[in-house]
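Comments concern the structure below.
Read the figures in this text as sums done on the coordinates, not as results from a lab. Owing to the predicted nature of the structure, the values given are computational and were not obtained by experimental measurement. Cβ coordinates were reconstructed from backbone atoms using ideal geometry, including for glycine residues, and neighbour counts include every protein chain displayed.
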Amino acid sequence: MSYKLSVDMIACDGRGVCAELLPERVELDDWGYPIIDASPMVGVVLEHARRAVAACPVLALRLEAAK
Amino acid sequence: MIATSTPPPPPPELAGPTLPRLLTSVGKGQSQQAVPLAQHRRTYPPPPAPRRKPIESYIAAIETAGLRGRGGASFPTGRKLRTVSQGHTRPVVCVNGSEGEPASRKDGLLMTRTPHLVLDGALLAAAAVGAIEVIVCIERANHQAISAVERAIHERVQSGEQMLPVYVMDLPAKYVAGEETALVHFVNGGEAKPTMTPPRPFEKGVGGRPTLIDNVETLCHLAQIIRWGPAWFRGQGTADEPGTVLLTLSGAVKNKGVCEMPIGRSMDTVLSWAKPTGEVGAVLLGGYYGTWVSAADSRRVTMDNAALRSIGSSLGCGALVVLPSDACGLRETARVLKWLAGETAGQCGPCVHGLAAIAGGMNELAVGRATNHTVEMLNRWAGQVDKRGACSFPDGAVRLLRSALQVFGADVHHHIAHGPCWGARRSPVLAIPTAKAEPWR
């Protein structure tokens with residue numbers, strides 16, 4: 001099963017934790033909000049992604065099953 | 001015996017109005033009064049009494065007619081009806097009469113002058129999907145439309161017509177209040193701000209029920225299709241986008257106001273109806289949330305989304321603003337972008353910060369303080385804002401910016417090299433709504 005990242009932009013506060021923990025998939029725009037690479041993830045990257053999702057202070061980062 | 005050669009009566013489909021269709025009963029310059037119920041019922045039979053089961057033949061008729069939404073997104077209405085009718089519970093129908101677009105007047109006109117056609121459309125759509133209620137959402141400031149629709153509902157109750165409960169709700173006068181998730185959130189008791197999707201309203205909307213949200217004009221077309229048939233509807237417009245569309249003409253033209261056009265007429269024809277007061281500099285199509293069309297393109301493009309797509313534009317809500325050639329498109333765009341930036345719901349970072357940055361950069365450009373770096377940054381921000389919000393509001397602002405940088409490309413260079421053009425010093429053409437501290441509820 002592979003997963004992809006998504007972000008709830010309404011909830012997102014631009015703390016930038018996700019970009020710290022998952023630079024492979026998240027970069028920040030000019031105002032500090034995450035630009036997500038939503039391609040499917042497996043293996044080690046997925047493990048890192050789970051950690052980043054769990055660390056988001058406003059629970060805005062999510063994992064969805066990739067179709 | 002010789003049979004008399006009287007031709008058979010025409011099938012009902014051919015008896016529909018030719019042109020105009022929606023505006024037949026909106027007499028030109030006549031009384032500002034709404035068409036009364038008795039007069040309306042001479043042409044349109046009452047919608048069927050409320051029932052639980054969806055009416056398949058109605059949905060099929062709308063699908064065959066190929067009606068697309070007239071609120072801006074141009075989504076096939078038949079597909080929407082079918083999806084909503086197949087939901088897990090009985091749906092709700094919302095009439096979207098928010099018309100937050102400053103350059104558009106058509107929905108307000110329909111609600112004020114032909115409220116019974118609007119209500120028929122809503123009740124027929126409700127019958128088609130087996131809805132339990134109808135909610136008419138109108139912008140709070142549009143007193144005329146609100147009272148016309150309320151009076152029309154009262155008229156129906158008095159005449160003893162059986163109908164579903166119909167409620168009128170007044171939306172905050174905010175641009176995004178008409179966005180469908182915002183509308184649902186407001187009706188459900190929240191602020192008129194967009195919410196994250198999924199779920200989309202057609203799955204889970206008002207009261208958690210599947211919700212059909214259609215623009216006022218769309219529902220009027222729907223009522224006419226049920227009355228006169230899909231073949232009649234397809235008698236105007238193009239194969240892919242049949243029917244007529246209401247346009248709101250404004251800007252530097254003699255004939256301001258709402259007119260009805262079969263989809264696919266040339267923009268040149270529409271401009272000849274509008275009678276520009278001077279040479280056309282550019283056309284803003286789709287209102288303040290739309291795109292600029294260059295004067296050259298305006299002479300050759302046809303007014304259907306297929307053709308407009310090729311020049312990066314679309315009909316949108318049908319508002320068309322003519323900019324004279326002696327006005328400055330950059331300055332006009334800067335003013336609109338500043339207003340759009342202020343209309344953000346303030347929820348998503350890229351929209352809040354991005355639109356403000358874009359409006360600021362565009363203002364620098366308009367007043368002649370910009371450098372090539374400013375234009376680079378504008379393009380960079382456009383890329384960083386596009387598709388990054390919960391709703392598509394910021395995308396529209398980006399579309400407007402990109403079309404302005406393209407259509408007024410020569411002006412961009414002039415403003416950077418020599419400072420603002422003469423047009424930037426004349427009084428602006430596009431009227432910007434005054435900022436009010438409007439509540440979100």
Take every DSSP beta bridge with both residues inside the protein assembly as shown and express the antiparallel ones as a percent of the total, to the nearest 5.
55 percent
Can you give the mean number of other chain Cβ atoms that lie within 10 Å of the Cβ atoms in peptide A:1-13?
3
Which percentage, to the nearest 5, of the DSSP beta bridges contained in chain B is antiparallel?
50 percent
When N counts the residues of the range B:125-193, how does its alpha-carbon radius of gyration compare numerically with 2.2 N^0.38 Å, as a ratio?
1.21
Förster radius 45 Å - calculated FRET efficiency between B:T277 and B:H88 (Cβ-Cβ, nearest 0.05)
0.25
With the convex hull built on the Cα atoms of chain A, state its orientation-averaged projected area in nm².
4.0 nm²
Over the range B:114-219, calculate the relative contact order: mean separation of alpha carbon pairs under 8 Å at least 6 apart, over the residue count, as a percent.
22 percent
For B:340-349, what's the mean count of beta carbons from other chains sitting within 10 Å of each residue's beta carbon?
2
The range B:326-441 pair-distance distribution - Cα-Cα, 5 Å bins, rounded %
2, 12, 23, 23, 18, 12, 6, 2, 0, 0
Highest-first arrangement of B:60-67, A:57-64, A:42-49, where packing means the average Cβ count within 10 Å
B:60-67, A:57-64, A:42-49
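What do you get for Rg/Rh of the range B:20-85 when both radii come from the Cα atoms and Rh is the Kirkwood radius? Display every interim value, and only then the final one.
Values: Rg = 15.5 Å, Rh = 14.7 Å.
Value, to two decimals: 1.06.
Give the relative contact order (percent, whole number) for chain B; include only Cα pairs under 8 Å separated by 6+ residues.
Worked out over chain B, it gives 16 percent.
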Packing-based exposure ordering (other Cβ within 10 Å, fewest first) of B:D214, A:D30
A:D30, B:D214
What residue among B:R68, B:R42, B:R299 has the largest mean-square fluctuation in a Gaussian network model of chain B, using Cα springs under 10 Å?
B:R42
In whole Å, what three semi-axes, largest first, describe the equivalent ellipsoid of chain B built from its Cα gyration tensor (square root of 5 times each eigenvalue)?
39, 26, 19
Under a no-solvent Debye model with one identical scatterer per Cα of the protein assembly as shown, what's log10 I(q)/I(0) at q = 0.07, 0.10, 0.12 Å⁻¹?
-0.42, -0.84, -1.15
Contact order relative to length for chain A, counting C-alpha pairs under 8 Å separated by 6 or more residues, stands in percent at 49 percent
24 Å Cα-Cα reach of A:K67 towards lysines, excluding residues that sit fewer than 8 places from it in its own chain
A:K4, B:K80, B:K204, B:K387
Could you check the spin-label model distance between B:R151 and B:E438? Points 7 Å from the Cα along Cα→Cβ, value in nm.
2.4 nm
Nearest 20 debye, what's the magnitude of the dipole of chain B about its Cα centre given +1 on Lys and Arg Cβ and -1 on Asp and Glu Cβ?
200 debye
Could you work out the per residue convex hull volume over the alpha carbons of the range B:192-235, in cubic angstrom?
114 Å³
